[in-house]
1. Would you mind listing the strands (runs of 3 or more DSSP E) fully within segment A:134-180 where at least 3 residues are modelled with pLDDT of 90 or more and more than 30 Å from B:Gly168 (Cα to Cα)?
2. Can you name the residue in segment B:102-122 that is touching a strand residue (DSSP E or B) at 6+ places or on another chain (Cβ under 6 Å) and part of a helix (DSSP H, G or I) and is also modelled with the highest pLDDT among such residues?
3. Name the residues in segment B:280-299 that are part of a loop (DSSP other than H, G, I, E, B) and at negative phi, would you?
4. Given B:Leu202, B:Leu160, which one is at pLDDT 90 or above and under 21 Å from A:Ser115 (Cα atoms)?
5. Can you list the strands (runs of 3 or more DSSP E) found entirely within segment B:158-252 that contain at least 2 residues being without any contact (Cβ under 8 Å) to a residue 60 or more places away in the chain and closer than 27 Å to B:Leu88 by Cβ?
6. What do you reckon, is A:Lys113 without any contact (Cβ under 8 Å) to a residue 12 or more places away in the chain, within 14 Å of chain B (Cβ to nearest Cβ) and surrounded by fewer than 20 Cβ atoms within 10 Å (Cβ to Cβ)?
7. Where residues in segment B:232-257 are within 19 Å of B:Leu311 (Cβ to Cβ) and touching a His at 6+ places or on another chain (Cβ under 8 Å), which of them is surrounded by the fewest Cβ atoms within 10 Å (Cβ to Cβ)?
8. Cβ-Cβ under 6 Å, sequence separation 6+ or interchain: first residue in segment A:8-29 and assigned to a loop (DSSP other than H, G, I, E, B), partner surrounded by fewer than 18 Cβ atoms within 10 Å (Cβ to Cβ). Which pairs?
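The values are calculated or read from the model by the stated rules, or taken from the named source; none is laboratory data. Since we're looking at a predicted model, the values are computed, not measured. Backbone-built Cβ (ideal geometry, glycine too); neighbour counts: all protein chains shown.
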Amino acid sequence: MDGAIAVKYVATVGNESRVVEIADSNGRYRVTLGESEWAVDVRAAMPGVYSILIDGVSYVADVVDREGACVVEVAGERYEIVVEEQTRHIIRTRGGGGAGAGDRTLTAPLPGKISRVAVRPGDAVSAGDILLVIEAMKMENEFRAAVAGTVAEVRVAPGQAVNAGDVLIVMGGGSDGNRA
Amino acid sequence: MKRKLRKLLIANRGEIAVRVIRACREQGIATVAVFSEVDRDALHVQLADEAHPIGPAPALESYLVIDRILAVARAAGADAIHPGYGFLSENASFAEACADAGVTFVGPPAAAIRAMGSKTAARTIARDLGVPMVPGTLDALESDAAARTTAREIGYPVMLKAAHGGGGKGMRLVQREEDLAEALRSARAEAGAAFGNAAVYLERAVIEPRHIEIQVLGDADGRVIHLGERECSIQRRHQKLVEECPSSFVDADLRARMGDAACRVAAAAGYVNAGTVEFLVDAERNFYFLEMNTRLQVEHPVTEMVTGMDLVAEQLRIAAGEPLSRGQDDVTWRGWAIECRVNAEDPFAGWLPSPGTITALRAPSGPWVRDDSGVYEGYTIPRFYDTLMSKLIVWGADRAIACDRMARALAEYRVVGVRTTIPVLERIIAHPDFRAGRLSTAFLERMLPAVHSNDGRHRDVAILAAVIAEYERGRRAALGAPGADGQSAAGHDPRAVAWRLSGAGTWTGR
C-alpha cells in the first residue's frame, strides 16, 4: 500500500449498497469491490469525463453530480450512484426513517411556463391523471400522478414561469409517494 | 431571371443556421446571422460574417418578427434570406414581405407555400391529381362537435394534426371518442404556440405505417425532379429520431411511382426550390399522400450523402434563377446514409427537455462520419427553442455497413452536462428489428418499454468511477487544493488534460 490510507465507502445503486475500499498507490488506485480487487489507472480526459484503465481494459465514464447523487454514464449505460464514506452511511441508515417529503411534492424538473393546471386543492387523483402541463422548448410536457392521492396545495397558476426545483403541487395524506 | 447572390441573411438559429452559413462560405456568399438576447453565444453568431440582435428570447419577439428581420437585411445590405426550417420558413407572408423588400427568399413562391402550407388545401390538390390519400377532412375543424361527427364517420383511431404545422407539433393520436376533447385542446394549444395558428384537422390513423418522404427540387423554369426517398419511421412524439436514405422497403418501381406522384404534386402547386412530399406507406406498399413541407428538411443530409448533391447549394442556385444542376436521369443513388438526431432530452425520463451547459463535448469523426451541430463545449442550451443539438450522419456502401458505422460513431459521442438521446439511439441502431429493416412508426413505442437506462453490465465500472471521483474530491478538500470540483485546477484551458487523478508526482504532501 506504500503507506497510502485506504478509505471505505458505501456505493448505493438503486436499493443495493456495496462497500468499496480504495487506496492510492503510487498514482494508481487499488480498489476492492466485493471479492474483486483491481489496479485502476484513471485520468480526467475532459471535465467530467474519465478515462479508466482496469487491468488494461479501456473505459470512458462521464461523471456528474446531480442532487447529491453521482450520475455515471459508461458504454451507453447510466447509473445513479450515491457514494458516502462508510461511517457516514452507517450513521445515516441507523436512524431508519420514512419516505422524504420530496415524495409528496411535484417539483418542476425543468424551467418553463405553466400552460395548464388540471387539479385543485382537495381533488382526489388517480394514478395516471394529468396534474399539470409545462411548456418548455416548444413542447407541452404533461405531468401525471404516479399513484392515487389527494391534492393538498397547488402553488402555481397557468401562465406562470417556473424554475427547475420549484414546488408546483403538494400532495396530501393517504397513499405513499405521489411523485409525478 | 438570373441574379447573383452576394450576401445572405439566415433567419434562423442552431444547427440549420450553421449548415446554411457553411454552404454560403463555400460559394463565396457573405453571411448575416440574427440572434435573440439569449443567443449571443450561439455558434451561428460566431461563424457568420455579421450578426445582429433581433430581440428578446421568445421566438415570437425575435425569430418570428418579420419586420425586424427585414430591417436587419436592409441595414446589412443582404440580397437574399434563407429561412432554414421551422420559424418563418413556411410563412407565406414572410416570403411576400421579402419580395416586397426586394430581397430574394430562398424558398418557394408565397403562392406555393400557401397552397401546401395549408395541409387541408394540399390535400385538395393531391385529391384532384388522383394521388392516394388517407381518408379525413379537407378543412380545419370548426368545433369540437364537428370533430366528433367527422371522427365517427371515418372511424377511430383518428389522428389530429395542425393545419399549418409540421415537426409533430400539434399532433395527437386519438383512440376513443372520450379522449377527443382533451386531445383537441392540447393539439390546438401546441399548434397555436408553435405556428401562431391553432387550426387542426383530422384523418384516419394508419396503424403502424412507414413514414417515407420524397425530396423534390424545382427550378424557376418549371422543371421538377425528385431525389428519391427518405425513411423516417423511427419517431417519438411524432418527431423523427432516425432517418435513412434509401429505404429498405422501397424498390426501384415504388421509388419511381412515389417520385412521380411527388413531382406532380409539386408541379401542380407551382413549386420552386427544395421541398419534401411526405407519404405514409402501409405493409402492402400502398402509399398515401400526407403533406408537403415547403422547406429544407432537418434530415436533408442523408439525401445529400447518397446522391452527392448539396441541397443547400441547390437551393441557392435555384434562388439565383439558375437551372437545376441535374436532370432526373442524372440523379443516382449510391450506398446508404443514416442520420441520428442528438437532442437535449432525457429519454429515460419521458424525453423531458434538458437545457443547460454542455460541460464537455467530443463529437465523433473518422471515415464517412458527419456531425451537423449547432453547439460546442461550454455552450449553454437555452430553454426557449427546440432541443436539437446536432445531427449525426454516416454513410456506408450498404445498409449493414452504415449501421455498423453509426453504432461506432454513437459510441464515440461524448456529451456531459445535459442529457441526450444518444443512449436510446445506440439501442435503436443495435436492435434486431432495426438491423433487419423492420421499421414502422410504432417501432419506438414498442421498443421503449424494454429500454432501461442500464442493464447492469457496467455497474462495477460505474461504481468504481463514482467512488474514485468522491475519493479525489475528499482528498482535495482536505488538502485545500483549488479545483475541488475537478474543473478549474488546470488553469485556463479546460480542453487540455485538465487535471490528473493519478500519476506519480502530481500530488503534494504525501
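1. So the answer is A:149-154.
2. B:Met116
3. Quick first cut of segment B:280-299, residues part of a loop (DSSP other than H, G, I, E, B) only: B:282-286, B:294-299.
Scanning segment B:280-299 gives B:Asp282, B:Ala283, B:Glu284, B:Asn286, B:Thr294, B:Arg295, B:Leu296, B:Gln297, B:Val298, B:Glu299.
4. B:Leu160
5. Values: elements: B:158-162, B:172-174, B:200-204, B:210-218, B:224-236, B:239-245.
It comes to B:158-162.
6. Working: without any contact (Cβ under 8 Å) to a residue 12 or more places away in the chain: no; within 14 Å of chain B (Cβ to nearest Cβ): yes; surrounded by fewer than 20 Cβ atoms within 10 Å (Cβ to Cβ): yes.
Here the answer is no, as A:Lys113 does not meet what is asked.
7. Looking at the filtered set, the residue picked out is B:Lys240.
8. So the pair list comes out as A:Asn26/A:Asp2; A:Asn26/B:Ala504; A:Gly27/B:Gly503; A:Gly27/B:Ala504.
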